[in-house]
């Protein structure tokens with residue numbers, strides 16, 4: 001999928017483009033200050049599926065939360081379609097590591113609440129919630145309580161809720177990390193199909209090199225203290241009839257490049273650790 005298309009003689013760029021300019025982030029102040037990110041300088045075209053890979057503590061989730069607008073960068077700026085991000089907004093939807101659904105509401109009710117909070121008219125919420133739930137494969141579970149769902153179904157519901165209001169960017173913080181291997185594989189396939197159908201920009205945080213190669217059009221490896229980009233790699237992998245990328249001749253080489261960057265970062269952190 002490309003991030004722009006031709007309309008007559010005019011090139012139309014997809015919405016959801018992100019730009020990071022000299023982004024740093026520090027937790028705490030003074031002697032207790034803990035620099036966790038920076039510098040980050042990136043351009044993410046609209047419609048890209050960007051996977052952020054790295055070890056625990058490298059700043060992956062922090063970067064995602066800065067994009068979401070949950071906190072401002074300590075230094076620098078992040079823009080979406082040329083607008084600086086200063087707070088959460090309907091142009092971004094977030095899926096967390098845990099689904100964080102409201103157990104006293106039905107599956108449909110969780111999505112309808114998100115639509116209400118984003119200003120959707122009352123008379124349109126039910127139909128839109130049902131459309132989103134069918135899109136993520138929960139058409140038969142709309143009236144169930146969320147605690148009655150499996151882990152994979154809960155993440156489907158969380159994804160539908162994040163898509164409420166049609167955001168330009170979907171932010172996903174290791175959403176499949178707690179799932180069993182088979183469910184995770186199915187969720188990856190469904191997410192790729194959803195991205196193909198919607199063309200949204202996706203920023204996906206993962207520990208898994210293989211997950212990045214299965215899903216992404218581009219991968220960046222974060223590492224160091226504070227976290228910064230160690231590797232920025234386009235992923236142009238061919239998919240077979242089942243949507244599998246493993247048979248692509250370049251798969252092993254791309255996997256090796258990402259794994260080596262992560263291993264080098266780990267070895268560096270061991271050498272520099274206080275003794």
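The values are calculated or read from the model by the stated rules, or taken from the named source; none is laboratory data. Not measured: the values here are computed from a predicted model. Here Cβ is always computed from backbone atoms with ideal geometry, including for glycine, and neighbour counts include all displayed protein chains.
Just wondering, is there one or more residues in segment 52-71 that are more than 26 Å from residue 215 (Cα to Cα) and at pLDDT below 95?
Among the residues of segment 52-71, at least one is more than 26 Å from residue 215 (Cα to Cα) and at pLDDT below 95, which makes the answer yes.
Residue check: is residue 160 within 9 Å of residue 107 (Cβ to Cβ), outside any loop (DSSP other than H, G, I, E, B), outside the structural domain of residue 194 (by TED's automatic domain parsing) and in contact (Cβ under 8 Å) with a residue 24 or more places away in the chain?
Here the answer is yes, as residue 160 does meet what is asked.
Among the residues of segment 155-176, write down those that are farther than 23 Å from residue 60 by Cα and surrounded by fewer than 22 Cβ atoms within 10 Å (Cβ to Cβ).
Listed by number, the residues that qualify are 165, 166.
Could you list, in sequence order, all residues of segment 16-35 that are surrounded by fewer than 20 Cβ atoms within 10 Å (Cβ to Cβ) and touching a strand residue (DSSP E or B) at 6+ places or on another chain (Cβ under 7 Å)?
19, 21, 22, 24, 26, 27, 28, 33, 34, 35 - these are the residues of segment 16-35 that are surrounded by fewer than 20 Cβ atoms within 10 Å (Cβ to Cβ) and touching a strand residue (DSSP E or B) at 6+ places or on another chain (Cβ under 7 Å).
Can residue 246 be described as more than 21 Å from residue 59 (Cα to Cα), in contact with a helix residue (DSSP H, G or I) (Cβ under 9 Å, 6 or more places away or on another chain) and buried (at least 17 other Cβ atoms within 10 Å of the Cβ)?
no
When you look at residue 129, is it part of a helix (DSSP H, G or I), touching a residue at least 24 places away in the same chain (Cβ under 8 Å) and touching a strand residue (DSSP E or B) at 6+ places or on another chain (Cβ under 8 Å), yes or no?
Taking the combined requirement at face value, the residue does not satisfy it.
In segment 203-242, what residues are in a strand (DSSP E or B), closer than 18 Å to residue 170 by Cβ and touching a helix residue (DSSP H, G or I) at 6+ places or on another chain (Cβ under 8 Å)?
203, 204, 205, 206, 219
Looking at this structure, is residue 165 assigned to a loop (DSSP other than H, G, I, E, B), at positive phi and touching a residue at least 60 places away in the same chain (Cβ under 8 Å)?
Judged against the criteria, residue 165 is a match.
Run residue 152 past the list (1) within 15 Å of the chain's Cα centre (by Cα); (2) part of a helix (DSSP H, G or I); (3) surrounded by 14 or more Cβ atoms within 10 Å (Cβ to Cβ) and report the number of the one that doesn't hold.
Result: residue 152 passes all but (1).
Within segment 70-81, restricting attention to residues that are touching a strand residue (DSSP E or B) at 6+ places or on another chain (Cβ under 8 Å) and surrounded by fewer than 18 Cβ atoms within 10 Å (Cβ to Cβ), which residue is farthest from residue 148 (Cα to Cα)?
Applying the filter and picking the extreme gives 75.
Collect the residues in segment 58-86 that are over 15 Å from residue 168 (Cα atoms), without any contact (Cβ under 8 Å) to a residue 60 or more places away in the chain, out of contact with any helix residue (DSSP H, G or I) (no Cβ under 8 Å at 6 or more places or on another chain) and part of a loop (DSSP other than H, G, I, E, B), keeping them in residue-number order.
Correct list: 70, 74, 86.
Modelled with pLDDT of 90 or more, under 18 Å from the mean Cα position of the chain (by Cα) and either surrounded by fewer than 20 Cβ atoms within 10 Å (Cβ to Cβ) or part of a loop (DSSP other than H, G, I, E, B) (or both): does that describe residue 43?
Yes.
Could you go through segment 180-193 and let me know if any residue there is crowded, with 22+ Cβ neighbours inside 10 Å, over 15 Å from the mean Cα position of the chain (by Cα) and without any contact (Cβ under 8 Å) to a residue 60 or more places away in the chain.
no
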